[in-house]
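One structure is given here, and the rest of the page talks about it.
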Amino acid sequence: MNAAPLAVSRVLPRGLRFRFAYLVILAVAVLFAVSFGRKMWENRQLRGEVVAERAQTAAIVQSNQQLRREIRDDRSLAFVYQQARQWGYVKQGDRPVIISFHYAQRRARPISTPVVRPHAASWLQWWEAFFGH
């Protein structure tokens with residue numbers, strides 16, 4: 001029965017057994033560090049997504065509140081009367097006033113063209129244009 005433990009100790013020297021244990025511990029530590037770093041990176045990305053989603057949610061909540069105020073105002077009696085008047089309806093007891101504009105059409109004036117002698121010299125046409133007859 002004592003032969004099995006002696007065989008293991010004869011295969012690996014005592015210093016090599018400790019080095020192997022250190023290598024195993026080091027490999028486990030590196031795997032743990034890599035896994036921890038990966039989880040930290042995922043956590044950081046998720047935190048960024050959470051911040052973006054919260055901002056989007058806040059914008060939606062604000063829009064929802066604005067829409068609720070508009071719905072409340074649109075259900076009021078004053079809004080109903082205002083819309084009815086814009087569409088041409090009259091409340092009982094009101095006197096409708098219709099204002100219409102009729103514009104008089106202007107007569108077209110004849111366009112007068114200046115009389116220029118076609119056979120006059122060029123300098124004479126210029127003289128008449130600037131100084132008259």
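Just so it is clear, none of the values below were taken in a lab; they were calculated from the coordinates. Just so you know, these numbers come straight off a predicted model, no measurement behind them. Cβ: placed from backbone, ideal geometry, glycine included. Neighbour counts: every protein chain shown.
Here are some notes:
- Whole-angstrom gap from region 56-72 to region 92-111, using each part's C-alpha centre: 45
- Two-site label geometry, Trp41 and Gln83: point separation in nm, points 7 Å out along Cα→Cβ: 5.6
- What the Cβ-Cβ distance of Val90 and Gln65 gives, at R0 = 41 Å and to the nearest 0.05, is a FRET efficiency of 0.70.
- In region 37-87, the chymotrypsin sites (Phe, Trp or Tyr not before Pro) that fall in loop regions by DSSP, at most 10 other Cβ within 10 Å: Trp87
- Kirkwood Rh (inverse of mean 1/r, distinct Cα pairs), region 12-90, angstrom: 19.0
- Restriction of the trypsin sites (Lys or Arg not before Pro) in region 45-123 to DSSP coil positions whose beta-carbon has at most 14 other beta-carbons within 10 angstrom yields Arg75, Lys91, Arg106, Arg107.
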